[in-house]
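This report refers to the structure that appears directly beneath it.
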Amino acid sequence: MLEIQNVHKSFGKNEILKGVDLSVDKGDVVVILGPSGSGKTTLLRCINFLERADQGTATLGDLKVDLHSASKKEVLAVRQRSAFVFQNYNLFNNKTAIENVAEGLIIGRKIPKEEAYKIAREALDKVGLSEKYDSYPSQLSGGQQQRVGIARAVALNPDVILFDEPTSALDPELVGEVLEVMKEIAREGTTMIVVTHEMQFAKDVAKKVIFMDGGNIVEEGTPHEIFVTPKEERTRRFLRRVLPGEYDFEI
Amino acid sequence: MNSSFINMEFLIDTFFVALSGVPIALLVTVVALAIALPIGFFLALTRINEIPILNGFTKVYVSFVRGTPIIIQIFVLYSILPLVLASIFERYNIDFPIYEVNTLWYAFIIFSFNTAAILVEVFRSALKTVNAGQLEAAYSVGLTTAQAYRRIIIPQMLVSAMPNLCTATINLIKATSLGYAISLQEITLKAKVAANVGYNYLEAYIDIFIVYLILCITVEYLFKVFEKRLSRYKAVATA
Ligand SMILES: Nc1ncnc2c1ncn2[C@@H]1O[C@H](COP(=O)(O)OP(=O)(O)OP(=O)(O)O)[C@@H](O)[C@H]1O
Ligand SMILES: [Mg+2]
């Protein structure tokens with residue numbers, strides 16, 4: 001479904017991504033873990049061309065593009081087949097919930113307005129916002145805004161949805177509702193790459209967990225392999241820090 | 001009445017004379033805005049995105065306009081433009097009576113030139129209030145840059161630009177009074193010409209004063225209404 005190869009990216013002299021490979025099968029959820037500054041956001045942004053990689057390729061189904069030198073048309077094609085859920089939601093402030101969801105369908109995909117609004121309503125229903133079609137982002141709580149953000153991504157029916165810490169800007173009591181929605185769309189077979197610090201979500205939902213540090217993928221495997229039998233010392237150290245008390249690796 | 005400090009009859013008559021200059025003042029304002037809005041916006045983009053040569057050019061242009069009195073800009077452009085145009089026309093053998101051109105055309109050019117520079121700064125600061133995440137979100141749902149600007153960025157940018165746009169428009173209306181220096185048939189010139197006959201300058205000035213006041217208050221009110229409509233999405237209380 002999605003295969004990323006050898007992604008390099010520097011900001012100035014700082015090499016942030018040092019040759020990252022990643023593959024996701026259709027319908028799978030891949031969770032990326034890693035300490036702050038390890039390049040997780042940058043990786044997702046490179047995949048969606050919000051950042052230009054210095055090197056690397058992406059294969060999305062039958063579409064193969066160079067992450068450094070892709071043409072405008074190729075960039076648009078990749079964006080047409082993927083969707084992004086942002087840490088700070090980034091809903092269009094001047095548009096209502098339903099307009100937010102319909103925008104990419106009507107303008108990006110040229111779907112007739114009637115049909116786009118029908119799809120948008122279904123997507124908002126799915127994330128539990130049937131009452132909020134006509135609310136502006138400023139009228140919604142953080143959790144509701146992020147659910148609109150997820151509806152906006154789901155409505156596009158993309159090959160893959162990229163989530164960048166979708167719950168980390170939320171008040172703790174609002175995290176649950178967003179994770180619930182993400183679990184639901186994962187159950188429905190949506191292909192997802194999720195950067196998150198929610199370890200329970202990773203354990204419950206991920207098909208594959210990737211641990212990144214210093215611009216490299218240090219270790220990857222099933223949730224069991226990463227959380228129960230991690231091989232790398234760096235992975236263990238990270239888990240001990242984020243899940244104190246839960247881990248005492250003595251091998 | 002006759003012996004009073006103010007000649008009421010003249011005051012009232014001249015009020016309508018001054019009023020007859022309103023169409024020209026408004027025409028110059030509207031045309032200058034129509035030309036300056038797109039140019040100002042485009043140049044603001046070159047500043048924000050730091051487009052190599054244009055960025056520097058815009059900087060110089062803006063500080064030139066902001067650092068000199070409008071009346072001087074009027075005199076300079078009014079004397080230079082015909083010379084430049086004449087030599088261009090001469091070179092290409094175009095037979096054009098450059099010195100018979102209506103001053104209205106000069107007014108359009110001069111006030112557009114001035115207003116565009118003001119608007120560069122208005123749009124530049126307004127664009128900065130729109131979070132970069134808005135453009136990225138638009139990209140992520142498959143919009144092109146042009147579509148993103150048209151549908152997401154510009155509508156939001158306009159809301160924060162409105163108060164400054166209103167100020168710029170009102171300043172422009174008031175600045176058209178300087179058109180009298182190039183014999184533009186606007187409010188100030190018409191009233192002053194009327195006053196010349198009987199030296200009723202005080203009455204004429206009062207009339208001019210009132211006419212501009214009415215104009216500017218009306219424009220300000222219209223901007224308020226428009227701003228309210230544009231910022232609908234903000235006005236609502238958070239849930
Ligand atoms: N536009 C940029 N310009 C310069 N440096 C940047 C830019 N974006 C990111 N960086 C740097 O790249 C490094 C990796 O950033 P990135 O956001 O990818 O990390 P992350 O793994 O997502 O971290 P976090 O968990 O804090 O979100 C950081 O050191 C950051 O300062
Ligand atoms: Mg990040």
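So here's what we get for this one:
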{"read-out": "Filter on A:Lys73/A:Lys132; A:Lys18/A:Lys231; A:Lys95/B:Lys128; A:Lys40/A:Lys203 - keep pairs with C-alpha separation over 23 Å", "value": "A:Lys73/A:Lys132"}
{"read-out": "Expected-Rg normalisation [2.2 N^0.38 Å, Cα atoms] applied to the protein assembly as shown", "value": "1.33"}
{"read-out": "Surface accessible to a 1.4 Å probe, A:Asp25 within the full protein complex, Å²", "value": "90"}
{"read-out": "Mean Kyte hydropathy of 1.6 or more with a Cα span along the axis of at least 27 Å, helices from DSSP in chain B", "value": "B:22-48, B:70-91"}
{"read-out": "Two-site label geometry, B:Ile109 and B:Arg150: point separation in nm, points 7 Å out along Cα→Cβ", "value": "3.3"}
{"read-out": "Overall dimensions of the range A:1-98 by Cα: Rg and Dmax, Å", "value": "14.2, 43"}
{"read-out": "Rounded percent of accessible protein surface that carbon and sulfur make up, the range A:86-157, 1.4 Å probe", "value": "43"}
{"read-out": "Accessible area buried at the A-B interface, both sides summed, 1.4 Å probe (Å², nearest 100)", "value": "2200"}
{"read-out": "Cα coordinate range in the range A:86-157, projected on the principal axes (Å, largest first)", "value": "30, 20, 20"}
{"read-out": "Value of relative contact order over chain A, rounded to a whole percent, pairs C-alpha under 8 Å and six or more apart", "value": "25"}
{"read-out": "Solvent-accessible area, 1.4 Å probe, carbon plus sulfur percent, for chain B", "value": "67"}
{"read-out": "Chain-alone versus full-assembly comparison, the range A:107-147, residues with accessible loss of at least 10 Å² (1.4 Å probe)", "value": "A:Ile107, A:Gly108, A:Lys110, A:Tyr136, A:Ser138, A:Gln139"}
{"read-out": "Accessible solvent surface per residue of the range B:118-239, calculated while the other protein chains remain in place, 1.4 angstrom probe, Å²", "value": "48"}
{"read-out": "Rel. contact order, % - alpha carbon contacts under 8 angstrom, at least six apart, chain B", "value": "33"}
{"read-out": "Residue-level accessible surface for B:Lys190, protein heavy atoms, 1.4 Å, Å²", "value": "60"}
{"read-out": "Length-normalised contact order of the range A:86-157 in % [C-alpha pairs under 8 Å, at least 6 apart]", "value": "47"}
{"read-out": "Computed label-point distance, nm, for sites B:Ile39 and A:Lys113 using a 7 Å Cα→Cβ extension", "value": "3.6"}
{"read-out": "Nearest-0.05 FRET efficiency for A:Ser71 and A:Phe11, computed from C-beta distance (R0 30 Å)", "value": "0.80"}
{"read-out": "Gap separating the Cα centres of the range B:18-68 and the range A:91-156, nearest whole Å", "value": "38"}
{"read-out": "Estimated dipole of chain A in Debye, rounded to 20 [Cβ of Lys and Arg +1, of Asp and Glu -1, Cα centre]", "value": "720"}
{"read-out": "Mean shadow area of chain B, taken as a quarter of the surface of its Cα convex hull (nm²)", "value": "18.7"}
{"read-out": "Dipole magnitude (debye, nearest 20) for the protein assembly as shown, charges at Cβ of Lys, Arg, Asp, Glu", "value": "540"}
{"read-out": "Column: log10 I(q)/I(0), Debye, Cα scatterers of chain A, q = 0.08, 0.16, 0.17 Å⁻¹", "value": "-0.31, -1.20, -1.33"}
{"read-out": "Heavy-atom accessible area order for B:Leu143, B:Leu104, largest first, 1.4 Å probe", "value": "B:Leu104, B:Leu143"}
{"read-out": "Largest to smallest accessible area among B:Ser112, A:Ser10 [probe 1.4 Å]", "value": "A:Ser10, B:Ser112"}
{"read-out": "Rg to Rh quotient for the range A:115-251, alpha carbon positions, Kirkwood Rh", "value": "1.04"}
{"read-out": "Kyte-Doolittle mean at least -0.5 and Cα axial length at least 18 Å: DSSP H helices in chain A", "value": "A:142-155, A:172-187"}
{"read-out": "FRET efficiency for B:Ala132 and B:Tyr201, using Cβ-Cβ distance with R0 set to 41 Å, rounded to 0.05", "value": "0.15"}
{"read-out": "Estimated FRET transfer efficiency when R0 is 30 angstrom, pair B:Asn93-B:Ile48 (beta carbons, to 0.05)", "value": "0.10"}
{"read-out": "Considering only the protein assembly as shown, percent of DSSP beta bridges that pair antiparallel, nearest 5", "value": "60"}
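The values are calculated or read from the model by the stated rules, or taken from the named source; none is laboratory data. What you see is a predicted model; the values in this text were computed from it and never measured. Backbone-built Cβ (ideal geometry, glycine too); neighbour counts: all protein chains shown. Side chains included, ligands, DNA and RNA excluded: accessible areas come from the protein's heavy atoms. Shrake-Rupley method; radii C 1.70, N 1.55, O 1.52, S 1.80 Å.
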